[in-house]
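Input: a single structure, listed below in structure tokens.
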Amino acid sequence: MPDHLTAALDKARTDGATAAELSALRRRLEQLDDPAAGLLPGEDLEPLADLPRPADLPEPSPERAREVLDRVAVIKVNGGLGTSMGLAGPKSLLEVKPGHSFLDIVARQVLAIRHEHGVGLPLLLMNSVATRQPSLDALRRHDGLEQTLPLDFLQGREPKLRADDRHPIDWPADPRLEWCPPGHGDVYTALAATGTLTALLDAGIRWAFLSNADNLGAVVDPRIAAWMAAEGAPFVMEAVRGTASDRKGGHLARHDGRTVLRETAQVPEGDRSFTDVARWRFYNSNNLWIDLEALRDLQAADSGAPDLPLIVNRKTVDPTDPTSPAVLQLESAMGAAIGAIPGARAVEVPRTRFAPVKTTDDLLVVRSDAYELATDGRLLPTFEGPGPVVTLD
């Protein structure tokens, strides 16, 4: 085993990493040593055929909807501090509409579905250490959100690697900066490592609906949940039709007979096919459904499953100091599980289910009268066709 790989695993093990976390980290380190690992040239891919749409799926009876939704949990990825937007606290606590943050609206959405269908529908956040306490404090202000399951679980962390020799970096000035999250693809490992997966299954929860906390269009859809249950699908991705604004986003394609997600990091140098939204058509919304029993069975065979392709994020050890040493952060994307879980499916959803806020430009649009906040927490567009585009100077 190469020295740098051993050093990174030893540092993670000393930090208390579980067997599942070490297995996933080892896979990323091995992918890093293979420059071709995870690359998907456009010439090796085929576009997807048409996908089913929610309107085409059978409408479940109220009894069936209640039966399925009573075994669904909502998981929101909530580890981000919004540093790209100039924030130093949880992005999800930003005010989106007067008096309402992202988390306030998420809580309203969950409570509305609980009331409408008479179901439990637990809500869990995947937090980072930095977002945990303020986010939990915000959720606990909502009456009716109490549940027997915990409100959150923690994402993992792993060593940042020196860019020159790939050994774990030492940074005595602030040892916390020696660590980084492994991307939101860590959600599958974190569910197992924290015992949350077992707790959910023991509570009778069969399916989880995963999405980013900043996407307020990601509301539980009983029709998709019932269809997934009826089809026995282990994993379902909600995809949207691509537009020019999606050219840098991950798109779906067929590769060796299976559906895969291709991200920018998986495009070989010189391959210009990635931005062809007319060819690839379907783009990841990061609204994902997973059968927790299927995930448990996958991890019983491979504790680091699912096997996700590597994303290498190049930064400086101190992100506020561009003169500090260059480091590599090894990450993965949770949507990439569509290519790693046999039998995974995709469904085409309207763009009303995909309204992420990644920049202050996006925030201005959502705060404006282009969107209305309904009493059930749905963020409804007041426009038809493509939404307004804002580019701040």
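Annotations for the structure displayed:
- Contour excess over end-to-end distance, with Cα ends at residue 88 and residue 376 and 0.36 nm allotted per residue: 100.7 nm
- Principal axis extents of the Cα atoms in the chain, from largest to smallest and rounded to whole angstrom, are 58, 50, 48.
- Our Cα-only numbers for the stretch 1-44 put the radius of gyration and Dmax at 13.1, 43 Å.
- Considering every alpha-carbon pair of the stretch 31-78, the percent of pairs per 10 Å bin, from zero through the bin containing the longest distance, is 16, 21, 25, 24, 14, 1.
- Average accessible surface area per residue within the stretch 265-327, 1.4 Å rolling probe, Å²: 48
- Spacing of the modelled spin labels on residue 269 and residue 66, each 7 Å from Cα toward Cβ, amounts to 6.1 nm.
- The portion of the accessible surface of the stretch 77-196 made up by carbon and sulfur, rounded to a whole percent, is 54 (1.4 Å probe; DNA, RNA and ligands excluded).
- Order of exposure, largest accessible area first, which applies to 6, 352 with probe 1.4 Å: 352, 6
- Cut-off 14 Å (backbone N to label point 7 Å along Cα→Cβ of residue 14), residues of the stretch 130-162: 159-160
- Cα centroid of the stretch 318-393 to Cα centroid of the stretch 240-310, whole Å: 16
- Cα-based radius of gyration of the stretch 201-353 once divided by 2.2 N^0.38 Å, which approximates compact folds: 1.15
- Calculated log₁₀ intensity ratio I(q)/I(0) where the Debye formula runs over C-alpha points of the stretch 143-186, q = 0.14, 0.34 Å⁻¹: -0.51, -1.15
- 0 to 90° range, to nearest 10: angle between helix 292-301 axis and the chain longest Cα axis: 20
- These residues, 289, 207, 171, go from largest to smallest accessible area, 1.4 Å probe, as 171, 207, 289.
- Computed on the Cα trace of the stretch 285-393, the radius of gyration divided by the Kirkwood hydrodynamic radius gives Rg/Rh = 1.08.
- Note on the stretch 96-239: along the principal axes its Cα atoms extend 54, 40, 30 Å, ordered by decreasing extent.
- Here the accessible area is traced with a 1.4 Å probe on the protein chains. For the stretch 332-384, carbon and sulfur cover 53 percent of it.
- Measuring only protein heavy atoms, the 1.4 Å probe finds residue 100 accessible over about 50 Å².
- Shown here for the stretch 285-386: GluC sites (Glu not before Pro) in loop regions (DSSP other than H, G, I, E, B) with at most 13 other Cβ atoms within 10 Å, namely 384.
- Only Cα pairs under 8 Å and 6+ residues apart enter the sum, and on that basis the relative contact order of the stretch 160-222 stands at 14 percent.
- Annotation: aspartates and glutamates with alpha-carbon distance below 19 angstrom to residue 97 (same-chain offsets under eight excluded): 214, 361, 362, 369, 372, 376.
- Highest mobility in the GNM of the chain, judged by mean-square fluctuation with C-alpha springs under 10 Å and restricted to 145, 25, 379, is found for 145.
The values are calculated or read from the model by the stated rules, or taken from the named source; none is laboratory data. Predicted model only: the values in this text are computed from it and were never measured. Glycine gets a Cβ as well: all are built from the backbone with ideal geometry, and neighbour counts include every protein chain shown. Remember, those area values only see protein heavy atoms, side chains included, never the ligands or the DNA or RNA. Shrake-Rupley method; radii C 1.70, N 1.55, O 1.52, S 1.80 Å.
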